[in-house]
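A short reminder: the numbers here are calculations on the coordinates, not readings from a lab. Since we're looking at a predicted model, the values are computed, not measured. Neighbour counts are summed over all protein chains in view; Cβ atoms, including those assigned to glycine, are modelled from backbone coordinates with ideal geometry.
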Amino acid sequence: MIIETERLILRPFQEGDEADLYEYLREPAVNCFANMKLNSPDEAQAGIKERIEKAECCFAVTLKTTGKVIGEIEAFPESSEPDGGKDSPCDTFSPCWMLNAEYQGKGYAYEAACAFFDYLFRQKGARRIYAYTEDNNLRSQHLCEKLGMRREGLFIEYVSFIKNPDGTPHYENTIQYAILKKEWLAHTASA
Ligand SMILES: CC(C)(COP(=O)(O)OP(=O)(O)OC[C@H]1O[C@@H](n2cnc3c(N)ncnc32)[C@H](O)[C@@H]1OP(=O)(O)O)[C@@H](O)C(=O)NCCC(=O)NCCS
């Protein structure tokens, strides 16, 4: 699947993307991606293999002009009926988005996320999309709000991705945002 926007092509990862992936994941910008850190070009190669296997829901965000991979966006289907068994619809998605720091502040994340939400709602059967973001991640919160997502709640000391210097868990305050398909359709119709 290839998604085209004004300035971007969202496409599956492919062999050859290793250097671009390494560029933005050698030092993950936020604690919630600490476990995605790549320590070497070899790890980047393994990272590309993993992403190729998840091609249907994991997209490389590339610039139309140069083909460079400037980040990624992904989300996997989850059931909204935890006890519904294997036939329950997987209509809930939680996106993960990240851009190379050099390419932030240019509207690329919003452009990619709009197209990705449209894909999830119109082609992948999404009913609800929710996002978690840490309370100090103002850029991600701003992106959620531009996308028309509602702030649903703040979870205090909800999760720990890294340790404090003394080895104890460093807990983060997490904000949850969400948008339903009907809200997305109304939001995009009025835009
Ligand atoms: C979160 C993240 C993806 C947001 O990226 P971003 O580049 O800040 O987001 P946007 O695409 O919305 O662009 C931001 C700004 O670019 C500006 N911009 C510059 N040129 C533009 C253009 N041609 N068109 C549109 N906007 C443009 C806009 O003014 C916009 O700011 P505004 O909304 O206040 O007007 C990015 O900060 C990131 O990768 N962070 C690290 C990973 C992360 O935190 N992921 C989320 C974990 S919860």
Note to self: Students often forget the sequence filter, so: which lysines lie under 19 Å Cα-Cα from Lys37 once same-chain residues fewer than 8 apart are removed?
What the structure shows: Lys49, Lys54, Lys163
Next item on the list: Starting with the highest mean, order 156-164, 112-120, 134-142 by the number of other Cβ atoms within 10 Å, averaged over the residues of each peptide.
Entry: 112-120, 134-142, 156-164
Notebook entry, point to check: What does the charge dipole of region 3-190 about its Cα centre add up to, to the nearest 20 debye, if the Cβ of each Lys and Arg holds +1 and the Cβ of each Asp and Glu holds -1?
Noted result: 620 debye
Checklist line | Relative packing of peptides 171-180, 27-36 - highest average C-beta neighbours within 10 Å first | finding: 171-180, 27-36
Check: What dipole magnitude, in Debye to the nearest 20, does region 92-190 give about its Cα centre under +1 on Lys/Arg Cβ and -1 on Asp/Glu Cβ?
Finding: 580 debye
Check: For the pair Lys86 and Ala46, how long in nm is the line joining their label points, each one 7 Å along Cα→Cβ?
Finding: 3.1 nm
